Amino acid sequence: MSEPSSSTRTLHVDEHTIEEMRHHMRRYLIVGVALAVGTGLTVWASLINFGSYEINIVVALIIASAKGFLVAGFFMHLISEKKMIYAVLSCTAFFFTGLFFLTLWSMAHENIIQIHLR
Amino acid sequence: MSLINQNPSHMEIPYAVKPRPDTGLYNAKVGIWLFLASEVMLFGALFCSYILMRVNAPEGTWPHHWLNIWMGMTNTIVLIFSSVTVVLSWASLKMGQFKRYKFYQSITILCALAFLGIKSFEYHDKFIHYQVNLKDGRIFDGHLQSAASTTNQFVFKGRFIDKPEELYNPPLEHAEEPPITIAKSDIKIDPTTKQPMMENYGPWHNTYLAIYFTMTGLHALHVIAGCIVIFAIWGPLAKVWEQDPERYVNRVEVSGLFWHFVDLVWIFLFPVLYLL
Amino acid sequence: MQPTLHADTHAQASHHEEPGFWQKYIFSTDHKVIGIQYGITGLMFLFLGLCLMSVMRWQMANPGTGVPLVGPLLYHLLGESAVSKTGVISPDLYNAFGAMHGTIMVFLAIVPLAFGAFGNFVTPLQIGAPDMTFPRVNMVSYQFYFMGGILMLASFFIPGGAAKSGWTSYSPLATIADMNLRPNGQTFWIIGMVCLINSSLLGAVNFITTIIQLRAKGLSWMRLPFFCWAQFVTAFLLLLAFPPLEAAAVLQLMDNLLRTSFFLPTGLVVSGKLLHISGGGSPLLWQHLFWFLAHPEVYVLILPGMGIVTEVIANNTRKPIWGYRSMVYSILAIGFLSFIVWAHHMYLTGMGVRIATFFQTTTMVISIPSVVILTALFISLWGGSIRINTPMLFALGFLPMFGIGGLTGLPLGFNASDIHLHDTYYVIAHFHYIVAPGTIFALFAGIYYWYPKATGRMLSEYWGKVHFALSFVFMNLVFMPMFIQGMAGMSRRMYDGGATYASNGDVVGLSPYIIGLNTSVSHAVWALGLAQIPFIINFFWSLNWGKKVTSDNPWEATTLEWQTPTPPPHGNFDKEIEVVRGPYEYSVPGKSRDFTPQNEPDQPEPIPHGNPVRS
């Protein structure tokens, strides 16, 4: 970057960009507030007794996933991303699922549990 | 046909700034998403380990509420707030408002430091938290007051545990505890190590604390790394804004993506470690 | 993390003076220099791995006797606790050598050679790119690799010696080894592995981005040379399979240094004493996280080899690869399936029948695309006008050797037959057939094939053929007997080469014939070592005295790496590259030459001299 030629190395800012960014910023603030509310909600939900602890776990994970969706979707712009990135992430999701569920399946198997009980 | 062919026009790497037409992406954006994909697998494996540790634990021995929920919640809010300032700074930069970008991003860095400060306070709190088994069979659980302790007797703020379940499910709220002095000679001797049975809540204490320290430690390393990168772009590399603003915006966007990922991991860590 | 690193190329390109020695060879950001750095370092580690095994083979063939020549040297280097004065290696050193042989060969030799060296040197050239997308990340990737290598080597000289729990480092064995000497060899191994993993991750990000973003104009996915496809899939395997091992390494490091119990069960007793740990961990978790990497890793070892062999075969049969598309789809299928077969390494852990059946099924399914690729390569030979030169010999050697390795894997994939064969020499023979006469032959083919591009000189054909013939014979003499030993029930990792389990009077055990094979295998290993001498001399001699190439395209190949000046300068191409056709347009009817480079513009055939043909 020895000689920045002013013709090519400038940022193109026009009315349209500014309008779009203003819109984006409003959206970011709303998402931020939603995330904060979600945080409060998850703490509140963890302190009530639903009768079964499994329900607490499920509720907490649902809220966390919703918050995760907000961060990934809006802050990381995943709701309007290019195809290539969706492809990479779907591969990751596939392998992640494999790792997660196959490991749990093979380790939660009744044989193992019996060995542990003995 | 020699090694000295250094014609710069052929050396410039294409699509370093402008997106490639068929993918619609510039190089660093592809790179950071690939990197984040590998990070997903890294933390995914750790979450997987967490579940196995938890499922494997004998009934009733997985701890609940060993960590301060309000501190965890504060840290969550701090990280979410910093994520908002990151996107706001990027949007400001897109509009050409460099000063506003600088302002927002300085808040991000302060938030990162606040997060790390709270986290180290929580770590310290665990390291001075002891479980003591006494010769008379009672179990004591509390924080060591090192200023008041000597080599032969220890002063704690805490309580005696009546039922072992209480150790794993401490009450959420309890009144201010008076200092209690325990003589070293009263502490039971471990038959294998021949040492007094007094152990703090470090990663060695049980698998819950082990996975807690590992996951939050690794996450904290990511916070530090993200903080350094954002600071580097904010300060030492700010001159790039004058030379090549588009490249600069890209850098801010890419570092922001990393930062949001760090936030995303914490969003899952918080309920998993603090609440459930 | 990327943005601070991706923008250095302007600075690089803007100064025209020749960079100094350090800039040019040590801290270079040029993908070709980094590729050669990987290549040289990897070849040295490959040789070191062979040396470790040669010492172990002496102990197996002649248990309890001093290793000639090397034994006294090791005694002075490693001390009396590891090697006796007469040169007999201790059981601990035998274990350390075994563990380090595996680690070095897989993580420090083959992957860096196949992925780091060939991937770095060839891929950007083949796709018509000036460099990798992130040149400085590329340099850091090599430096991580180098650091990992140094840590592994240093661990031999610390108290207790190097890691000695196998290249798989199963817990709790790995965690309780040398417990009183922490940090110990295992600590070094873990930290070294973390360095190597980071190196591979950075490399993988770089490779994938480069192949996605920097393909030359007109180089669509289905015009990509198969070698690039292989590197692309390999990079994805590294990117997504290595992080779980990194997580596992961090957990084992916590076990090692901070006395946690991630992989240590409750009530673990060592040498009759209850261990003072919190317990509650799971040894199986390590195996899952390890094999989640290590099975895709097997494909990381073989896929680049397949890529190299495909290039060499297409070039030397002078005809297009048969079934290019089905090969591409197969390699993608391998990539996907390789992530869901890992637990076939764990049939004997008591996983349960249903899950074992699942993994058995996926294991059988993944052999289909592998067979498709191998078959396509065999059919490609049919009707070709084959040129027998050294690269082609190695590529031809690869095909049946990989075939043997692959087919002998099937009995290991069935969980019934695996009960008998698990952890025997059969397993060793199986995977060495894939990696040693398989991948290593492919790597040699690649070295002989691309050496002229990198240096401007050819390797000696005569000594290349000698190298091939001797290697081919001795590779088979080394590994074929191991099938027999394994089927007879000889376990791996035994200090005395199985003598403990020899038939003795009424006790039925390993027969003298099976134990005797140890001796012949050992002789073959040493001969194999000697057979590499022609290669080593050839490699260095040809740098200065080899036959000079007379054109940029000495093999008359079609792919883009032969369209650069020789050796390629910084920035690679001195002309605009536009690709107009597929990668293997050999012997196209109606063309004057039997090869048509990918970027040669289509032009109407010149009208033949003389009178137009009358009809």
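The values are calculated or read from the model by the stated rules, or taken from the named source; none is laboratory data. Please read these numbers as outputs of a predicted model, since none were measured by experiment. Neighbour counts are summed over all protein chains in view; Cβ atoms, including those assigned to glycine, are modelled from backbone coordinates with ideal geometry. The area values use the complete protein model at the heavy-atom level, side chains included, leaving out ligands, DNA and RNA. Shrake-Rupley method; radii C 1.70, N 1.55, O 1.52, S 1.80 Å.
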Query raised in the report: Average partner chain C-beta neighbours within 10 Å, per residue of B:246-252?
Result: 4
Query raised in the report: Antiparallel as a % of all DSSP beta bridges within chain C, to the nearest 5?
Result: 70
Query raised in the report: How much accessible area is lost when chains B and A come together, counting both sides, with a 1.4 Å probe, in Å² rounded to the nearest 100?
Result: 4800
Requested in this report: Could you please state how large a percent of the accessible area of segment B:130-200 is carbon and sulfur, counting protein chains only and using a 1.4 Å probe?
Outcome: 52
Query raised in the report: Semi-axes of the equivalent ellipsoid of segment A:10-79: what are they in whole Å, largest first, if each equals the square root of 5 times a C-alpha gyration tensor eigenvalue?
Result: 37, 11, 6
**Report entry** C:Phe232, C:Phe262, A:Phe74, C:Phe358, ranked by accessible area, largest first (probe 1.4 Å)
**Finding:** C:Phe358, A:Phe74, C:Phe232, C:Phe262
Requested in this report: Hey, could you grab the Kirkwood Rh for segment C:467-615? Inverse mean 1/r over distinct alpha carbon pairs, Å, one decimal.
Outcome: 21.6
Query raised in the report: How big is D for segment C:372-436, in µm² s⁻¹ as a whole number, if Stokes-Einstein is applied with the Kirkwood radius of its Cα pairs at 25 °C and 0.890 mPa s?
Result: 183
Report summary line: Taking N as the number of residues in segment C:49-206, the ratio of its alpha carbon radius of gyration to 2.2 N^0.38 Å works out to 1.21
Query raised in the report: Amide H of C:Asp574: which non-local residues (sequence gap of 5 or more, or other chain) have their own amide H closer than 5 Å, using H built in the peptide plane?
Result: none
Requested in this report: Divide the volume of the convex hull of the Cα atoms of the protein assembly as shown by its number of residues and quote the answer in cubic angstrom per residue.
Outcome: 216
Query raised in the report: Could you list log10 I(q)/I(0) for segment B:37-181 at q = 0.09 Å⁻¹, which the Debye formula gives when each Cα is one point scatterer?
Result: -0.49
Query raised in the report: How big is the B-C contact in terms of buried accessible area, both chains counted, 1.4 Å probe, rounded to the nearest 100 Å²?
Result: 5300
Requested in this report: With all protein chains present, calculate the accessible area of C:Met475 using a 1.4 Å probe and round the result to the nearest 10 Å².
Outcome: 10
Report summary line: Relative to chain C, whose Cα atoms define the longest principal axis, helix C:461-487 and its Cα axis are tilted in degrees, nearest 10, by 40
Query raised in the report: What size of dipole, in debye to the nearest 20, comes out for the protein assembly as shown about its Cα centre when the only charges are +1 on Lys and Arg C-beta atoms and -1 on Asp and Glu C-beta atoms?
Result: 840
Report task. Answer with one residue from C:Leu289, C:Pro320, C:Gln213: the one whose Cα lies farthest towards the positive end of the charge dipole of segment C:198-350, charges on Cβ with Lys, Arg +1 and Asp, Glu -1. Result -> C:Pro320
**Report entry** Charged-residue dipole, Cβ positions (Lys, Arg, Asp, Glu), segment B:130-200 about Cα centre, Debye nearest 20
**Finding:** 360
Query raised in the report: Quick one: what do you get for segment B:130-200 if you divide its Cα Rg by 2.2 N^0.38 Å?
Result: 1.10
Query raised in the report: With the dipole of chain B worked out from charges on the C-beta (+1 for Lys and Arg, -1 for Asp and Glu) around the Cα centre, which of B:Leu42, B:Ser82, B:Pro179 lies farthest toward the positive end?
Result: B:Ser82
Query raised in the report: What residues qualify as long-range amide H neighbours of B:Tyr26, i.e. H under 5 Å apart, gap of 5 or more or another chain, H built at 1.01 Å from N?
Result: B:Arg20
Query raised in the report: For peptide C:333-343, how many partner chain Cβ atoms fall within 10 Å of a residue's Cβ, on average?
Result: 3
Query raised in the report: Using modelled backbone amide H atoms (1.01 Å from N, in-plane), which distant-in-sequence or interchain residues come within less than 5 Å of C:Thr424's amide H?
Result: C:Arg492
Query raised in the report: Any idea of the accessible area per residue across the protein assembly as shown, 1.4 Å probe, to the nearest Å²?
Result: 40
Query - Value at 222 nm in deg cm²/dmol, rounded to 500, when DSSP H runs of n ≥ 4 in chain B each add -39,500 (n - 2.57) - result: -19000 deg cm²/dmol
Requested in this report: Could you run the Debye sum over the Cα atoms of chain B, one equal point scatterer each and no solvent, and tell me log10 of I(q)/I(0) at q = 0.11, 0.12, 0.13 Å⁻¹, two decimals?
Outcome: -0.77, -0.85, -0.94
**Report entry** Derived scalar couplings ³J(HN,Hα) [segment C:108-124; Karplus, 6.51 cos²θ - 1.76 cosθ + 1.60; whole Hz; x for Gly, Pro]
**Finding:** 10, 10, 6, 4, x, 6, 6, 9, x, 7, 5, x, 5, 6, 8, 3, x
**Report entry** Residue-wise HN-Hα coupling along segment B:255-268, computed from phi with Karplus coefficients 6.51, -1.76, 1.60 (Hz; x: Gly, Pro)
**Finding:** 5, x, 4, 4, 5, 5, 4, 4, 4, 4, 4, 5, 4, 8
Report summary line: Summing +1 per Lys or Arg and -1 per Asp or Glu among the other residues with Cβ less than 14 Å from C:Thr550's Cβ gives +2
Query raised in the report: Which whole-Hz couplings ³J(HN,Hα) result when phi for each residue of segment C:92-103 is put into the Karplus expression 6.51 cos²θ - 1.76 cosθ + 1.60, θ = phi - 60°, listed in order with x for Gly and Pro?
Result: 4, 5, 4, 5, 4, 4, x, 5, 6, 4, x, 4
Query raised in the report: Applying 1/(1 + (r/R0)^6) with R0 = 60 Å to the Cβ-Cβ distance of C:Ile158 and C:Met222, what FRET efficiency is obtained, to the nearest 0.05?
Result: 0.70
Query raised in the report: Which of the residues in segment C:569-583 lose at least 50 Å² of accessible area when you go from the chain alone to all protein chains together (probe 1.4 Å)?
Result: C:Pro569, C:His570
**Report entry** Charge tally in the Cβ shell below 14 Å around C:Ala204, where Lys, Arg are +1 and Asp, Glu are -1, C:Ala204 excluded
**Finding:** -3
Report task. Taking every pair of Cα atoms in chain C, average 1/r, invert it to obtain the Kirkwood radius, and report Rg/Rh to two decimals. Result -> 0.99
